[in-house]
Amino acid sequence: SSMIESLAPGNYSLSLSDVNGCTFFSVYQIGEPTGLDLTFSTAEPQPPLGNNGSIIAKVTGGVTPYSYLWSTGETSSQINDLAPGTYRVTVTDGNGCEMLGSVDLELMTTSTAQPASLTHWMVYPNPTAASLVLDAAFNRSEEIDIELLNLVGQQMLHRRFQSSSINTIFDLSLFPAGAYLLRLRTKDGEMVTKVIKM
């Protein structure tokens, strides 16, 4: 036949003869595409809404075109308006080869000024399975708000003090395992610590 198809990678030889007995001989090599490689570029969700994250899947290797199927149901290389969580994608190349990948997005904590009067700050044990202790001291009496937030910005606990020192215990035993944000705020600044509940 003058054409062969569906060949595996390797070397193939061709011998061609005409009616006069002249012969042409040649060897052809069919290479194998490089393997698929998948990386991600992310923008973490930011407070206060926490649903403005994005992920871009970057694919090299294999055979173009690439198709995408995210756990959200979207089919482009980029997904937007994301809340904190885990996102998975299946990438398929032109030969039908697949690669799976996943990305964890966490709520970005904003950079704010530490309260000027704060002289001591300790949160322990962290990680914790149950009790979480906040120990803090100030060089003057302050009105202090303490919040425990989940990663989508929902307030889970709230306490308010008027004091120059705090030693308080939070019971997290009934909370789902995962990451939380413990935030202490005064009129002139705040402190934020990520807390892991086991």
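The values are calculated or read from the model by the stated rules, or taken from the named source; none is laboratory data. Since we're looking at a predicted model, the values are computed, not measured. Here the Cβ is made from the backbone with ideal geometry for all residues, glycine too, and neighbour counts use every protein chain on show. Note: areas computed on protein heavy atoms with side chains; ligands, DNA, RNA excluded. Shrake-Rupley method; radii C 1.70, N 1.55, O 1.52, S 1.80 Å.
General remarks:
- Residue count, the stretch 167-198 (criterion: open to solvent by less than 60 Å² (accessible area, probe 1.4 Å) and either charged (D, E, K, R) or in contact with a Pro (Cβ under 6 Å, 6 or more places away or on another chain) (or both)): 6
- Subset tally (residues that are closer than 24 Å to GLU32 by Cα, small (Gly, Ala, Ser) and open to solvent by less than 30 Å² (accessible area, probe 1.4 Å)) for the stretch 51-85: 3
- Scanning the stretch 31-46 for residues that are within 20 Å of ARG88 (Cβ to Cβ), of a type in the set (D, E, K, R) and in a loop (DSSP other than H, G, I, E, B) gives a single hit, GLU44.
- Pairs meeting the criteria (first residue in the stretch 24-36 and of a type in the set (A, V, I, L, M, F, W, C), second residue part of a strand (DSSP E or B) and surrounded by 10 or more Cβ atoms within 10 Å (Cβ to Cβ), beta carbons under 6 Å, at least 6 apart or on different chains) are PHE24/LEU16; LEU36/MET99.
- Taken residue by residue, the stretch 85-94 has no member that is aliphatic (A, V, I, L, M), without any contact (Cβ under 8 Å) to a residue 24 or more places away in the chain and farther than 22 Å from GLY178 by Cβ.
- Residues of the stretch 9-30 that are in a strand (DSSP E or B) and either loosely packed, with under 10 Cβ neighbours inside 10 Å or of a type in the set (Val, Ile, Thr) (or both): ASN11, SER13, SER15, THR23, PHE24, PHE25, SER26, VAL27, GLN29, ILE30.
- GLU98 meets all of the listed conditions (1) over 30 Å from GLU32 (Cβ atoms); (2) open to solvent by 70 Å² or more (accessible area, probe 1.4 Å) but one, namely (1).
- Pick from the stretch 112-157, criterion within 22 Å of ALA177 (Cβ to Cβ), among the polar types (S, T, N, Q) and surrounded by 14 or more Cβ atoms within 10 Å (Cβ to Cβ), ranking: modelled with the highest pLDDT: THR128
- Just one of the listed residues (ARG160, ARG88) is within 30 Å of TRP70 (Cβ to Cβ) and surrounded by fewer than 18 Cβ atoms within 10 Å (Cβ to Cβ), namely ARG88.
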